[in-house]
Amino acid sequence: MGVTEIVFLPLQDDKFPNDQTSPNGQLHHHLIQTILSQPGVQRVYWGREIENPLMLRWFVDWDDIENHKRFMNADAYRPFVERIGTIVAGAAKAYHAQLRPHPPVAALSNTTSPITEVVTMWFPNTYPQKDQDNVTEDVENFISIFENHAHNYTASAAGWVDEEIDIPGMEERGKAYVLLVGWTSVEAHMQFRETQAFKDSIHFVMGAKNLKKIEAVHVSLTEVTK
């Protein structure tokens, strides 16, 4: 079953990869090509967060999580990680999400969604399946509001994270849910937040049972395929 790896790379101040002709850009290109050369990889999307340009984000679509695990055990993985170490200012982190629809190209690629809002919701790590199902249903209802009322909405994808992950600002780990919402611009998203349709529907996410934390950032992602 298709899965999306979500990667966080906190960059050093002068290690921006945007210029593909620069040493940093060439190194980043090599890293992306190394990923794309692995069996089971479909595509990579990359970009820096709008709110925090020092945070580089990768989203990697895999055929399944086992293919990624095989890459992590391959001879090529150690030098790959060492190259990443030359551009990051802190520990990189990654996890996998069962985003649907898969692949989430329409919501992630800036050719279809110039800006992607990345929403992460954290819950207790013992969150029951019934409550997870309710969150999934409520998010689907929330997305329907965008589809019917947000003219600058482009696409969406959402799903649960496979691993238990750290909850920001808390000394605990939790179950996480990721929602991707595509927009024509950050401004378009901010304008929709002021509408009555948004205000009447935000309870679908903010009112989730036992929600421990929610965060949202924006990123413009370049899609790279084999």
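Over the chain, DSSP H runs of length four or greater, each weighted -39,500 (n - 2.57), average out per residue to a 222 nm ellipticity of -9500 deg cm²/dmol. Summarising the label geometry, the points placed 7 Å from Cα in the beta-carbon direction at Lys226 and Thr86 lie 2.7 nm from one another.
When Rg and Dmax of the Cα atoms in Å is computed from the coordinates, the matching label among (1) 17.5, 54; (2) 17.3, 51; (3) 22.6, 78 is (1). Could you give the angle, 0 to 90 degrees to the nearest 10, between helix 129-149's Cα long axis and the longest principal axis of the Cα atoms of the chain? For helix 129-149, the angle is close to 80 degrees.
What's the exposure ranking of Ser144, Ser109, going from fewest to most Cβ atoms within 10 Å? Let's see the in-between values first.
Values: Ser144 13, Ser109 23.
Ranking Ser144, Ser109 by Cβ neighbours within 10 Å, fewest first, gives Ser144, Ser109.
Between Asn125, Asn18, Asn73, the GNM of the chain built on Cα springs shorter than 10 angstrom shows Asn73 fluctuating the most. Among Met170, Met72, Met206, the largest mean-square fluctuation in a Gaussian network model of the chain (Cα springs under 10 Å) belongs to Met170.
Residue order for Met190, Met121, fewest other beta carbons within 10 angstrom first, comes to Met190, Met121. To the nearest 10 degrees, how steep is helix 23-36 against the longest Cα principal axis of the chain, on a 0 to 90 scale? Rounded to the nearest ten degrees, it is 70. Among Ser37, Ser220, a tally of other beta-carbon atoms within 10 Å of each Cβ gives an order, fewest to most, of Ser37, Ser220.
Every read-out reported here was derived from the displayed coordinates using simple, explicitly stated rules and does not represent laboratory data. Keep in mind that this is a model prediction, so the values were computed, not measured. Backbone-built Cβ (ideal geometry, glycine too); neighbour counts: all protein chains shown.
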